[in-house]
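The values are calculated or read from the model by the stated rules, or taken from the named source; none is laboratory data. As the structure is a computational prediction, the values presented were derived from the model and not from experiment. Neighbour counts run over all protein chains shown; Cβ positions are idealised from the backbone, glycine included. Heavy atoms of the whole protein, side chains included, go into the accessibility calculation; ligands, DNA and RNA do not. Shrake-Rupley method; radii C 1.70, N 1.55, O 1.52, S 1.80 Å.
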Amino acid sequence: MLIKVPKKSDISENMVTDQNVYQDRRNILKSMGFFSASALLASPSAKAIDWFSKKEKVFETAPLTHNKAPSFSTDETLTPEQKVISHNNFYEFGTSKSDPIENAQEFKVDPWSMTIEGLVENPITLGYDDLLSSFPLEERIYRLRCVEAWSMVIPWNGFPLASLLNKAKPLGSAKYVAFETLYDPKQMPGQRSRFVGGGIDYPYVEGLRLDEAMHPLTLMSVGLYGKTLPAQNGAPIRLVVPWKYGFKSIKSVVKIKLTDRKPPTTWNILAPREYGFYANVNPKVDHPRWSQARERRITTGGLFSQNRIPTLPFNGYEEVADLYKDLNLRRNY
Ligand SMILES: Nc1nc2c(c(=O)[nH]1)N[C@H]1C(S)=C(S)[C@@H](COP(=O)(O)O)O[C@H]1N2
Ligand SMILES: [Mo]
């Protein structure tokens, strides 16, 4: 399959069509009496029947107001919403791809508290509503490339991390940004058991260099497909760094701390020879156990629709290359 490699700020008008398509789907749901599109999850799964008959709790998502035309886009086929919300890595809810959607339906995100602290002039605390209303929400269609060599194309809704950091005013001494996921073993079965949680020492932590964090592509996402994030995708707020392997894009963030030292990161702690701090998508630097030269693009759900395509340096976001001009990317994987 031929894929078009999007260049810097490749904004395509045709994405508006797709947006109308899912806007339509929302309206159809609405007319059927569903206000939450998470009711969509119901259709194909057996659990759906349970939800209607036994009134099991369903995680609610709500429509978001965001820019009409995507501020960043690609003409690659979007991964269908149903795939984006049912094939997940969120080890706090279990290690198989279907565990998060199964186990996160009762996750509570309101009230929420996310702090921006450490080496800043203005520490900030944002509550649930603040996350959705403090910054204009954009739509950005990004590729997400997991280190396991599958990828998706996802329409995220959110705001640049730089907007948030600028509000907090990093001090001159700040060099790195550390992120932390909620630690709540009562709600997250993976945090109660090393077996369920894949041996991770929780809370899940991640980090970026300050210049990476300030890069205009780095997004704080509060939604996808025009609705607030489903629990399994990292509600109520998660990081999205499209040129890095997916594990950098930490979910359900409660703390952002500016520091002068390189912060520890979960996968690097677990297997330092396999997962580095940088984790830039790089087809030339293989993972010790598998090649990163190609990826399986998850498009439609069908057996023959999972295309094997070449992986691009920086996941195709070559505009970030400048950030690494003084770095040996083989050594700093
Ligand atoms: N807290 C937390 N964040 C996480 C993970 C996780 O297990 N826990 N998995 C990561 C990995 S490996 C990937 S590929 C992406 C997957 O995001 P998605 O499920 O929304 O596609 O989330 C990342 N963020
Ligand atoms: Mo991943």
Among K97/K251; K57/K97; K227/K325; K83/K248; K97/K257; K186/K251, which pairs are too far apart, with a Cα-Cα distance over 26 Å? K227/K325; K97/K257
What length, rounded to one decimal in nm, is gained on full extension from K108 through to D260, with 0.36 nm per residue of separation minus their alpha-carbon distance? 51.4 nm
Could you rank S134, S252 by how accessible they are, 1.4 Å probe, largest area first? S134, S252
Once you have a ≥ b ≥ c as the square roots of the Cα gyration tensor eigenvalues for the stretch 200-249, tell me rounded if a/c is under 1.5, and otherwise prolate or oblate according to whether a/b is larger than b/c. oblate
Starting from the residue with the highest accessible area, list K186, K167 in decreasing order, probe 1.4 Å. K186, K167
Can you classify the stretch 217-289 as rounded, prolate or oblate using the Cα gyration tensor, where a ≥ b ≥ c are the square roots of its eigenvalues, rounded means a/c under 1.5, and otherwise it's prolate if a/b beats b/c and oblate if not? prolate
Classify the stretch 92-133 as rounded, prolate or oblate from the Cα gyration tensor: take a ≥ b ≥ c as the square roots of its eigenvalues, call it rounded if a/c is under 1.5, otherwise prolate when a/b beats b/c and oblate if not. prolate
Quick one: net charge of L270's neighbours, Cβ under 15 Å, K/R +1, D/E -1? -1
Around L258, with a cut-off of 12 angstrom between Cβ atoms, what is the net charge of the other residues, counting Lys and Arg +1 and Asp and Glu -1? +3
How much length is gained on full extension from S173 to K186, taking 0.36 nm per residue of separation minus their Cα-Cα distance? 1.0 nm
Give me the distance in nm between label points sitting 7 Å out from Cα along the Cα-to-Cβ direction at H287 and N166, one decimal. 3.6
Report the normalised scattering of the stretch 149-262 as log10 I(q)/I(0) at q = 0.14, 0.16, 0.24 Å⁻¹, calculated by the Debye formula with identical scatterers on the alpha carbons. -0.61, -0.79, -1.41
Residue-level accessible surface for H287, protein heavy atoms, 1.4 Å, Å²: 10
